[in-house]
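See structure below.
The values are calculated or read from the model by the stated rules, or taken from the named source; none is laboratory data. Quick caveat, the model's predicted, so the values are computed rather than measured. Positions of Cβ are generated from backbone atoms using ideal geometry, with glycine treated the same way; all protein chains shown enter the neighbour counts. Quick note on the areas: whole protein, heavy atoms, side chains included, nothing else; ligands and nucleic acids left out. Shrake-Rupley method; radii C 1.70, N 1.55, O 1.52, S 1.80 Å.
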Amino acid sequence: MSTPMPDSSSTVTPASQMPAPRAAGSGARVADMIVSVILMIAGILGFAMLAFMSLFLVMMSDGCFGDRCNTGLMSAGWLIALGVPPVVFVAAAVWTIIRLARRKIAWWVPLAGAGLSAVIWFVGVGIMNASLGR
């Protein structure tokens, strides 16, 4: 007795020919990437506007006459308000890109960077306001 050949309709296809299963949560990863990129672009535009507004903070010194104002403290506050927030946001954007490349959730990083940058900007403005001696 010979063994019959299997029917072609009952053959098992090798695993290499089967379509790859879709990764779980891939839709969430795409949404995370889109939201992260939108937040980074919005942050760049927002901080460009904030840097432009920071240039006008030097007008605080218009109320200074005599030895009434602490110009060193005012300069430090202005440099903090002008320079530190963009550096913080750029660091947050780099961290966002690294997290996206490692396939980790990253949408919160630009938000945290923007929030921290805004707080630092207001601290710089507060330092400038404290230097007025009012």
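For beta carbons closer than 7 Å, sequence separation of 6+ or different chains, a first residue in the stretch 89-118 that is of a type in the set (D, E, K, R) and a second that is open to solvent by 60 Å² or more (accessible area, probe 1.4 Å), the qualifying pairs are Arg103/Arg29.
Being without any contact (Cβ under 8 Å) to a residue 60 or more places away in the chain, at negative phi and out of contact with any helix residue (DSSP H, G or I) (no Cβ under 9 Å at 6 or more places or on another chain) is the requirement here; does Phe52 meet it?
yes
Checking Trp95, Trp121 one by one, the residue that is of a type in the set (Phe, Trp, Tyr) and touching a Ser or Thr at 6+ places or on another chain (Cβ under 9 Å) is Trp121 and no other.
Among the residues of the stretch 33-65, the ones that are open to solvent by less than 50 Å² (accessible area, probe 1.4 Å), among the aliphatic types (A, V, I, L, M) and over 30 Å from Gly133 (Cα atoms) come to 2 in all.
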